[in-house]
Amino acid sequence: MTRQNSELQRPEVSAPEPWSFPQAQRSELANGLGVLTYDIPGQYVISVRLAVPMPLDREPPEREGIATIMARTLDEGTARHTAEEFAELLERKGIALGAGVSDAGLIVDLDVSKRHLSEALDLLSQAVREPAFHAKEVSRHVKTRLAEIDQERAVPGQRAALEFIATYFDPRERASRPTAGTKAGVSAILPQDLVAFHAANVAPDGATVVLAGDLGDLDVVAQVERALGSWSGAGPEVVGPREAARSQDAARVVFLDRPGSVQTEFYIGCPGPDRHVEGGWAPYQVAGFVVGGSPSARIDAVLREDKGFTYGIRSGFRPRRRGGLFLTSGSVRADSTVEALGLLMDILDKARDGFTQEETQAGVDFIGKTAPGRYATADTVAEEAAGLALDGLTTEFTTTNLLALAGIDAARLATAYDRFVDGQWTVIIVGDASLYAEGVSGLGRGEVTVLPA
């Protein structure tokens, strides 16, 4: 047998082509409901997201948390079906239905196989338009939320996050309290409150329904029209969003005392931009990645790889409807509390001095080249579109943002970071104050207030 000696030429690997978000087809029903469809061949589980603008400041002050309880009880029975019957209908067709709220509004999510889309849209319509809010189901969800509140206070990371918003935002702002409500507000919620809140706020005008998946051979708009075209009503007059005010004494250190803690939790933040920021959102994604967005970022390079203090601490810019935050959070070994905090604060502050072109390019490459994977499935496409709809944006924003990455260099990154990160930090620590509060005070980051966790 003769062996042929021939050299195979290694194919050249070309640079990836610029990627853009899938194109949407847009239409609007007569009742004001916007319809966005994304045809993604081969994705036979259709993802539907209904986004209803409903800022949390619409909640009655004495019933904060009502939006969350309403969202959780939408599928707990309708005018036509008991909770058990409705659950059986969902299960019979393999339909996953749920809902949640953010500071911007309500999102109802539904996932179903292509062949059952029509039935699923009908059930979605019933849940959104005619929820029953039976007393038994409402009471169960209220009790569940009250138990969650206790649990949140017991988990260091969640406890730190709650204290952060209470410290950072002006106490008159809804943003200073949990999205899902406090004990006082939640415990006061009754079925009739949910009926009234739903009637006043859940309406088609200004809402958007997103459908993503393999939509071939389907007249999707006609199906949406049949299910939701007769939905009527108008919510409150739309008021332009405003930035939640920061507390006058937000720039301080709060140490929540948990005696005997073997780890210490940090939650640190300062102002940041929203997605509408002048100059574009892209630099802030990259800056967050470079500072603390990956195991190779600046923070973990020191606190994890060099010092061994943590399994990982993450940073990133978090946009709100108006304004935003730059947040850093994670836990460290308790015996490293003081040194770790000092190093962490130095890293955050020194980033204002600038970035290298190498780390800037690494951030640009990661965000840009992983985008096709992040948006490879129907559910992620639908979720992106629905979330942006509540922010008054379309997924053209996502494409524009990804294309803008090519123009980001180290100088532009430094300008973006320095524009918002001013060194006026709100620092929350959860750990053993008797052992470490004095050392934290010695870091010179301001007076340390010790509170029970």
Rounded to the nearest whole number, the Stokes-Einstein translational diffusion coefficient of the range 6-140 at 4 °C and 1.567 mPa s (Kirkwood radius, C-alpha pairs) in µm²/s is 73
Roughly what % antiparallel, to the nearest 5, for the DSSP beta bridges in the chain?
75
At 0.36 nm per residue, and after removing the present C-alpha to C-alpha distance, how many nm does the segment from residue 151 to residue 173 gain when stretched out fully?
5.5 nm
Anchor residue 93: lysines whose Cα lies under 21 Å away (excluding residues fewer than 8 positions away in-chain)
114
Students often get this wrong: which residues of the range 266-307 have the backbone nitrogen under 13 Å from the point 7 angstrom along Cα-to-C-beta of residue 422?
270-273
As a test question: what accessible area, to the nearest 10 Å², does residue 418 have when a 1.4 Å probe is rolled over all protein chains in place?
70
Taking every DSSP beta bridge with both residues inside the range 253-452, roughly what % is antiparallel (nearest 5)?
70
So residue 44 and residue 361, fully extended at 0.36 nm per residue minus their Cα-Cα distance, gain in nm 110.5 nm
May I ask for log10 I(q)/I(0) of the range 176-270 at q = 0.16, 0.17, 0.25 Å⁻¹, from a Debye sum over the Cα atoms as equal point scatterers with solvent left out?
-1.01, -1.05, -1.34
Report, to the nearest whole %, how much of the accessible area of the range 25-228 belongs to carbon and sulfur atoms, 1.4 Å probe, protein only.
52
Enumerate the residues in the range 224-245 having an amide nitrogen under 18 Å from the point lying 7 Å beyond the Cα of residue 276 toward its Cβ.
237-245
Can you put 64, 359 in order of accessible area, largest first, using a 1.4 Å probe?
359, 64
How long, wide and thick is the range 196-322, going by the Cα atoms along their three principal axes, in whole angstroms, largest first?
61, 42, 39
Summing -39500 (n - 2.57) over every DSSP H run of at least 4 residues in the chain and dividing by its residue count gives a helix-only mean residue ellipticity at 222 nm, to the nearest 500 deg cm²/dmol, of -11500 deg cm²/dmol
Between residue 183 and residue 15, what is the FRET efficiency for a Förster distance of 45 Å, r being their Cβ-Cβ separation, to the nearest 0.05?
0.25
Going Cα to Cα from residue 183, which lysines come in below 23 Å? Please leave out same-chain ones fewer than 8 positions away.
136, 143
Given a 1.4 angstrom probe, what's the average accessible area per residue across the range 253-452, in square angstrom?
41
Starting from the Cα of residue 166, step 7 Å along the direction of its Cβ; do the same at residue 346; then give the gap between the two resulting points in nm.
3.3
Using a 1.4 Å probe on the protein heavy atoms only, what accessible surface does residue 82 show? Give it in Å² to the nearest 10.
60
Cα extents of the chain per principal axis, largest first, Å, are 82, 64, 50
Subtracting the Cα-Cα distance from 0.36 nm times the residue separation, let me have the gained length for residue 434 to residue 380 in nm, one decimal.
14.9 nm
Keeping every protein chain present and rolling a 1.4 Å probe, give me the accessible area per residue for the range 25-228 in Å².
41
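The values are calculated or read from the model by the stated rules, or taken from the named source; none is laboratory data. Bear in mind the structure is a predicted one, so any value in this text is a computation, not a measurement. Positions of Cβ are backbone-derived with ideal geometry, glycine not excepted, and every protein chain shown enters the neighbour counts. Note: accessible area is taken over every heavy atom of the protein model, side chains too, but ligands, DNA and RNA are not part of it. Shrake-Rupley method; radii C 1.70, N 1.55, O 1.52, S 1.80 Å.
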